[in-house]
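These notes are about the structure you will find just below.
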Amino acid sequence: MAGGKLADLIERADGEWMARKTLEMVEINSVTMDEAEMCRYYADALRSLGLAVDVREVTPGRNNLYARIPGTGGGPTLALNGHVDTVPIHGAWPPRREGDLIYGRGTTDMKGPMAAGLGAAKALIESKVKLKGDLVISAVVGHEEAIAAKDGPKAYIADLNSGRTKADRILIVEGEEDIWLMSMGSANFVITFTSDKGGTHTNNTPFGENPIRFMGELIGAVHRRQRELDAGDRHPLAGPERIDLGVAEAGDLYNRTPTHCTLIGTRRWMPGKTVENIRRELELLARPFAEAGRLGLDLMIEQEREPFETPVDDVAVKAVIAAAERVTGAKPKVVGRRIVGDANLYVHGTGIPTFYYGASNHTAHADVEWVSVERIKRSAQVYLAAAAEYCGMAE
């Protein structure tokens, strides 16, 4: 690879241009299911670079966007991927820039990173450097809020499988300046105990027969299960598995026994298990307490995603590691996380190796959300260097 040509390509990443694009995007409210204006903006930004944009309607006005910088041939295709929707604004307003930092909802999650993808495309086009493989910019709707049921990522999966768009590797432009290549599986669960006796005055019911008693014992069993997980197998990148509770609901009056007791939580698991393994585990955990209290048991699993892990020696992962070290001067950390993202869906839905590298993510969803302009620029430079290495540079 011609070192001078690559160095020139990297230097063409225009941080101030990307900063302006970030701020303009943040000024657009694009909460999940209300992304239409943001979709139009991003499509226009891609077209302004001279790219043809495939506008893929997910629902009216809500579009996935695919744009391709064609290579000369003989190299693999790298897709830079991200989402254009945000969580609700809450206190993350107004958008503004203060020195190196841009504030506002979506700055880090993930309009700053999406601007970095635009900046990488701009630099590549203006440099006249030709890659052997294609570089694809792909943007999806429907990532953040459960109401969308991941309709944008699922449509992207369908389009990859049908050949409407293409990728040999997917690099999601999200996360910190490290290589995030593994996530545990995750599912929300709802366990409900139901009494066929109806509500009765607590004074007339021995506490040992109160459904709340059995709900409490199940909470204790969840705690014991977590202690077992803590003492069991640990993933080298993500640590032990987790079982967590977030909601406990029972009863309608202080002196009536409840007809329903409900626990809602999250279970996260390592590669090697599936959601069906988890379903059986939760059933075995809750069943003894339901039977002891002569209660009905209902178990519901929601928003399940299987774990994924892309090998650290994957050719694209190695390209991004080398690119990050070249740009930042330090070898990036390789990490795994318990939290899940779209990579869990893409890997299982398409079989395409997927991983993450981003400008920042630690203020995501916070009332004070911000991103560094310098880090946006650096991430764009990493994408350029990684594309040159992975896709190959034509002579």
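Each reported figure results from applying straightforward, stated rules to the coordinates on display, with no laboratory input. Bear in mind the structure is a predicted one, so any value in this text is a computation, not a measurement. Neighbour counts are summed over all protein chains in view; Cβ atoms, including those assigned to glycine, are modelled from backbone coordinates with ideal geometry.
Over all other residues within a Cβ to Cβ distance under 14 Å of residue 155, the charged ones net out to -2, with Lys and Arg as +1 and Asp and Glu as -1. Sorted on the mean count of surrounding Cβ atoms within 10 Å across their residues, most packed first, peptides 300-313, 367-380, 143-156, 109-122 read 109-122, 367-380, 143-156, 300-313. Taking the Cα centre of the chain as reference, the dipole from Cβ charges on Lys and Arg (+1) and Asp and Glu (-1) amounts to some 520 debye. Legend: calculated FRET efficiency, residue 5 to residue 287, from the Cβ-Cβ distance at R0 = 56 Å, rounded to 0.05, equals 0.30.
The packing ranking, built from the mean of other Cβ atoms within 10 Å per residue, places the peptides 352-359, 63-70, 289-296, 194-201 in the order 352-359, 63-70, 289-296, 194-201, highest first. Counting only the backbone N, which residues of region 244-278 are under 18 Å from the spot 7 Å out from the Cα of residue 233 toward its beta-carbon? Of the residues in region 244-278, 267-278 have backbone N under 18 Å from the label point off residue 233. Summary value for the chain: 26 percent relative contact order, contacts being C-alpha pairs under 8 angstrom separated by 6+ residues. Taking label positions 7 Å along the Cα-Cβ direction at both residue 219 and residue 44, the computed distance is 5.3 nm, reported to one decimal.
With 0.36 nm allotted per residue and the present C-alpha distance subtracted, the residue 178-residue 149 stretch has 7.6 nm of extension available. The label point for residue 125 and the one for residue 277, both projected 7 Å from the Cα toward the Cβ, are 4.6 nm apart.
The C-alpha atoms of region 185-305 occupy a region whose extents along the principal axes are 53, 25, 22 Å, arranged from largest to smallest. Between the listed residues 90, 383, 322, the Cα displaced farthest toward the positive end of the dipole of the chain, a dipole computed from Cβ unit charges relative to the Cα centre, is found at 322. For Kirkwood radius over Cα pairs in Å, the candidate list reads [x] 22.7; [y] 21.7; [z] 21.1; the entry that matches the value derived from this model is [x].
Each of the peptides 12-19, 181-188, 48-55 was scored by the mean count of other Cβ atoms within 10 Å over its residues; in descending order, highest first, they stand as 181-188, 12-19, 48-55. Between residue 335 and residue 226, the modelled labels are 2.2 nm apart [label points 7 Å from Cα along Cα→Cβ].
For the chain, the share of DSSP beta bridges that are antiparallel, to the nearest 5, is 75%.
Think of the chain as a dipole: +1 on every Lys or Arg Cβ, -1 on every Asp or Glu Cβ, centred on the Cα centre; then among 238, 310, 210, 310 lies furthest on the positive end.
Summing charges over neighbours of residue 123, with a neighbour being any other residue whose Cβ is under 9 Å away from its Cβ, gives -1 when K and R count +1 and D and E count -1.
If a spin label sat at a point 7 angstrom from the Cα of residue 190 along the line to its beta carbon, the backbone N atoms of region 123-152 nearer than 18 Å would be those of 145-150. Taking a 28 Å limit on the Cα-Cα distance, which of the listed pairs 128/150; 122/166; 128/333; 273/331; 150/197; 21/150 fall beyond it? Exceeds cut-off: 128/150; 128/333; 273/331; 150/197.
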